[in-house]
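In what follows, a structure is listed as structure tokens, so that the remarks can point back to it.
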Amino acid sequence: MTDHTLQTRLLHNDYKFDPATGGVSVPVQHASTYHQSFDEPTKYDYSRSGNPTREALENTIAQLENGTHGFAFASGMAAISTSLMLLSQGDHILISEDVYGGTFRMTHDVLHRFGIQHTFVDMTDLNAVATAIQPNTKVLYIETPSNPLLNITDIQAVVKLAKANDCLTFVDNTFMTPALQRPLDLGADLVLHSATKFIAGHSDVVAGLAVTNNEKLGEQLGFLQNAFGSILGPHDCWLVLRGLKTLHCRLEQSQKTAEKVATFLSRHPAVQNVYFPGFSTHPGHPTHRYQCDGPGAVLSFQLKDEEAVRTFTKRVEVPVFAVSLGAVETILSYPKAMSHASIPKGEREKRGITDGLLRLSVGLEHPEDLLKDFQQALKSLQPQHLFLDGRVRSEVR
Ligand SMILES: *Cc1c(COP(=O)(O)O)cnc(C)c1O
């Protein structure tokens, strides 16, 4: 099966049908414990340590990421937090400065208490990365594209620095999924996912995944998964497996529409900057094209100020106004008040997360319906919310 493309392997893999019945959907095994034989060892004994439905998901994601060991967790944060438990007291981790808020909180407010040190660094600046590596640095932690400004980190270049310094590279691949980016192929040691987003894709399950191709790391992570116990339940595993089947076609459709929406927004006088890795003017575009199979379906754009954002979000009808991304429905979020609310204003604005910034995760609606909706909502803005001639505008930043 491995010579098939990923699009086909999403459907035709080791779990194509249930060998016991021929059923073409993985059975949901709810049992928490298993009847054992007194003399013979049994494959399963207790569901925290092993469950057939979870195993199906874990093996499937491992194969899709070209890894050898997959793990399913109760949330993306459970996958990330458990993986960070690979570190010990006195270790140091180098982490993207625009990392997901929950990962920021885990390193800054939790690991810190256990004597695990961290430095936030601009991962797009390789000199800064090289300079920040310390003798006790064990992990370089990347997110690319980053959130919400879609900055691109060169995975292979960071891996090279990591290997030269005896460090591991972890990549949060939530925005791209294995359909568009496979970090293990680029030398990374561990791939992490919030499967809540594109992988499951239907806004109906919270889940996390981790994959490695390193035997030792796989063993250690398996031990930690069982020790920590933040496993994904069998029914949620099944929901993620079902979502995975349509991953490729959902992303194909959504990113095509995202390109149209991004282009439309970049030409509108009420929009200042559109951040989208698909634009050739995006500073990370060449790297992104090299390491990914598509731009993805997330973009951000800037309106004049909070008042413009208020008017626009009240007028717009199609998108859901919510946190999260990667769903069948288009989701509009306001980073200032949602994902990045805990960052002080000065720090936030320094990073480009202004009061006018909106993030859009494009879903499966007809592109024309979205464009018409955006057109009418932007039309309701006051003249003072337009960027008039002579203004500095670009399609990038
Ligand atoms: C949502 C998200 C997470 C956290 O995942 P949960 O499933 O919400 O715990 C981690 N990383 C990124 C990039 C995310 O978007």
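Return a yes/no flag: does the range 39-46 have any residue that is under 27 Å from Ser324 (Cβ atoms), open to solvent by 20 Å² or more (accessible area, probe 1.4 Å) and either of a type outside the set (S, T, N, Q) or in contact with a strand residue (DSSP E or B) (Cβ under 8 Å, 6 or more places away or on another chain) (or both).
Among the residues of the range 39-46, not one is under 27 Å from Ser324 (Cβ atoms), open to solvent by 20 Å² or more (accessible area, probe 1.4 Å) and either of a type outside the set (S, T, N, Q) or in contact with a strand residue (DSSP E or B) (Cβ under 8 Å, 6 or more places away or on another chain) (or both), which makes the answer no.
Residue by residue, here is whether (1) open to solvent by 20 Å² or more (accessible area, probe 1.4 Å); (2) part of a strand (DSSP E or B); (3) assigned by TED's automatic domain parsing to the domain that holds Thr124 holds:
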position	(1), (2), (3)
Glu252	yes, no, no
Glu259	yes, no, no
Ala262	no, no, no
His268	yes, no, no
Val271	no, no, no
Val274	no, yes, no
Thr281	yes, no, no
Tyr290	yes, no, no
Gly296	no, no, no
Subject >> Criterion: among the β-branched types (Val, Ile, Thr) and more than 16 Å from the ligand (Cβ to nearest atom) - qualifying residue of Thr131, Thr174 >> reply: Thr131
Original post:
Across the range 298-326, what is the number of residues that are part of a loop (DSSP other than H, G, I, E, B), open to solvent by 10 Å² or more (accessible area, probe 1.4 Å) and closer than 27 Å to Pro383 by Cβ?
Top reply: 6
**OP:** Report, ordered by the first and then the second residue, all pairs with beta carbons closer than 7 Å, sequence separation of six or more or different chains, a first member in the range 53-73 that is on the phi > 0 side of the Ramachandran plot, and a second member that is open to solvent by less than 20 Å² (accessible area, probe 1.4 Å) and outside any strand (DSSP E or B).
**Re:** Asn66/Leu184
Original post:
Does any residue of the range 142-154 turn out to be away from the ligand (no atom under 15 Å from the Cβ), open to solvent by 10 Å² or more (accessible area, probe 1.4 Å) and free of Cβ contacts under 8 Å to residues at least 12 places away in the same chain?
Top reply: no
Original post:
What are the residues in the range 342-381 that are assigned to a loop (DSSP other than H, G, I, E, B) and open to solvent by less than 60 Å² (accessible area, probe 1.4 Å), if any?
Top reply: Ile343, Gly352, Ile353, Thr354, Asp355, Gly356, Val362, Gly363, Glu365, Ser380, Leu381
Original post:
With Leu217, Leu239, Leu209 as the choices, which residue is over 17 Å from the mean Cα position of the chain (by Cα), assigned by TED's automatic domain parsing to the domain that holds Pro145, buried (at least 16 other Cβ atoms within 10 Å of the Cβ) and in contact (Cβ under 8 Å) with a residue 60 or more places away in the chain?
Top reply: Leu217
Subject >> Filter result (open to solvent by less than 80 Å² (accessible area, probe 1.4 Å) and either more than 19 Å from Leu86 (Cα to Cα) or in contact with a helix residue (DSSP H, G or I) (Cβ under 8 Å, 6 or more places away or on another chain) (or both)) within the range 220-236 >> reply: Leu221, Leu224, Gln225, Ser230, Ile231, Leu232, Gly233, Pro234, Asp236
Original post:
When you go through His202, His193 one by one, which is the residue that is in the same structural domain as Gly102 (by TED's automatic domain parsing), within 15 Å of the ligand (Cβ to nearest atom) and open to solvent by 50 Å² or more (accessible area, probe 1.4 Å)?
Top reply: His202
Original post:
Pick from Phe276, Phe301, Phe228: which is closer than 30 Å to Thr53 by Cβ and of a type in the set (Phe, Trp, Tyr)?
Top reply: Phe228
**OP:** Would you mind finding the one in Ala157, Ala162 that is open to solvent by 10 Å² or more (accessible area, probe 1.4 Å), in contact with a Leu (Cβ under 9 Å, 6 or more places away or on another chain) and not acidic (Asp, Glu)?
**Re:** Ala157
**OP:** Could you list, in sequence order, all residues of the range 79-90 that are surrounded by fewer than 20 Cβ atoms within 10 Å (Cβ to Cβ) and either on the phi < 0 side of the Ramachandran plot or at pLDDT below 95 (or both)?
**Re:** Met85, Leu86, Ser88, Gln89
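The values are calculated or read from the model by the stated rules, or taken from the named source; none is laboratory data. Every value quoted in this text rests on a predicted model; they were computed, and no experiment measured them. Glycine gets a Cβ as well: all are built from the backbone with ideal geometry, and neighbour counts include every protein chain shown. All accessible areas refer to the heavy atoms of the entire protein, side chains included, with ligands and DNA or RNA removed. Shrake-Rupley method; radii C 1.70, N 1.55, O 1.52, S 1.80 Å.
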